[in-house]
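Visitor: The structure follows.
The values are calculated or read from the model by the stated rules, or taken from the named source; none is laboratory data. None of these values were measured; they are calculated from a predicted model. Using ideal geometry, Cβ is built from the backbone for each residue, glycine included, and neighbour counts are taken over all protein chains shown.
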Amino acid sequence: MSLKERITDDMKAAMRSGEKERLGVIRMITAAIKQREVDERITLDDSQVLSVLEKMIKQRKESVVQFQAGNRQDLVDKEVAEITLLQSYLPAQLSDAELDVLIGEAVAATGAASIKDMGKVMAIIKTKAQGRADMAAVGTKIKARLSG
């Protein structure tokens with residue numbers, strides 16, 4: 001079953017069980033997927049759906065920071081709940097050890113020696129770890145590895 005089909009099935013289940021908050025978030029996911037399909041005139045595959053989900057998670061994490069700064073705990077709680085639901089559609093996250101191994105393999109494969117080669121390393125890791133790791137954190141680890 002594709003990721004889009006799973007999301008659609010979950011939407012139907014949420015409708016049947018009357019889970020309004022969950023249904024609202026799933027409808028947002030569906031709308032974002034459809035918007036991208038219409039804009040680009042394509043049908044999204046699982047990896048493209050993952051990138052839509054990652055973008056939505058990133059937006060919500062940024063919102064949480066803003067709401068915390070504005071002392072709006074009610075909105076922080078809402079955003080955190082949405083992040084949790086969005087993350088349930090992502091594959092299992094890589095551990096730090098697995099991520100370090102991937103970075104090591106990518107550095108060896110590209111022959112990266114300095115921070116200038118970071119783009120090459122990121123390109124390799126992005127294909128292998130999409131949806132399974134926070135790419136901002138991965139970038140930080142790569143910088144530390146190449147500069148140290």
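Visitor: Looking at SER17, SER47 in this structure, which one is within 30 Å of LYS141 (Cα to Cα), among the polar types (S, T, N, Q) and outside the structural domain of THR140 (by TED's automatic domain parsing)?
Guide: Exactly one of SER17, SER47 is within 30 Å of LYS141 (Cα to Cα), among the polar types (S, T, N, Q) and outside the structural domain of THR140 (by TED's automatic domain parsing), namely SER47.
Quick grid of which residues meet (1) surrounded by 13 or more Cβ atoms within 10 Å (Cβ to Cβ); (2) at pLDDT below 95; (3) of a type in the set (Lys, Arg); (4) outside any helix (DSSP H, G or I):
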position: LEU44; (1), (2), (3), (4): yes, yes, no, yes
position: VAL49; (1), (2), (3), (4): yes, yes, no, no
position: LYS58; (1), (2), (3), (4): yes, yes, yes, no
position: SER63; (1), (2), (3), (4): yes, no, no, no
position: ASP77; (1), (2), (3), (4): no, no, no, no
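Visitor: If I go through the range 1-42 residue by residue, how many of them are among the hydrophobic types (A, V, I, L, M, F, W, C) and not in a helix (DSSP H, G or I)?
Guide: So the count comes out to 2.
Visitor: Out of curiosity, is GLY104 more than 30 Å from ARG6 (Cα to Cα) and modelled with pLDDT of 90 or more?
Guide: Taking the combined requirement at face value, the residue does not satisfy it.
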